[in-house]
1. Give the residues of the range 41-96 that are free of Cβ contacts under 8 Å to residues at least 12 places away in the same chain, surrounded by 12 or more Cβ atoms within 10 Å (Cβ to Cβ) and under 20 Å from PRO23 (Cα atoms), sorted by residue number.
2. In the list ARG123, ARG119, ARG111, which residue meets the criterion of being part of a loop (DSSP other than H, G, I, E, B) and more than 24 Å from the chain's Cα centre (by Cα)?
3. For the range 108-131, which positions are of a type in the set (Gly, Ala, Ser) and surrounded by 10 or more Cβ atoms within 10 Å (Cβ to Cβ)?
Amino acid sequence: MDPSGNGSKQIHNEMIAHFGFVPDFYATLPEPALAHEWGVHRDFELAETAIPNKYKELIGLAVAAHIKCRYCIYFHSQAARANGASDEELREAVFMGGMTVQYSNAITGMRYDLDKFEREVDRAVDFMTSQAESHHPTV
């Protein structure tokens, strides 16, 4: 942060504009990291990007549930709800995260051949795509 404290004041003003106050949990970050981390939070997670905010928060929730972070689970659940997610979407997000971990454990633990796996996935995706196209032909 700059020695004059202007950078910190600007960040606090931005937080107040976004949240209505400066959450104390940002004080858990080292001062030199605050500007960077706030910028990423502001410009990526809280901003409109290629991935809609609801989906970013559902992804965050799935990861948070896997790492068992109570703070992250609460934050991403509330943020997902604030962005329109339903309870069923929250349930599906955490289940999808767990299912991904389960399959990863099984496939990786058994040292399944990666090239073969990629061929099988490509074959399945090609089939599912052709099925979808045959049921919904384009004009």
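Rule-based calculations on the coordinates, nothing more; no lab input. It should be emphasised that the depicted structure is a prediction, and the values quoted were computed from it without experimental measurement. Heads up, the Cβs are rebuilt from the backbone with ideal geometry, glycines too, and the neighbour counts pull from every protein chain shown.
1. If the condition is that a residue be free of Cβ contacts under 8 Å to residues at least 12 places away in the same chain, surrounded by 12 or more Cβ atoms within 10 Å (Cβ to Cβ) and under 20 Å from PRO23 (Cα atoms), then HIS41, CYS69, TYR74, GLN78, ARG81 are the ones that fit.
2. ARG111
3. ALA124, SER130
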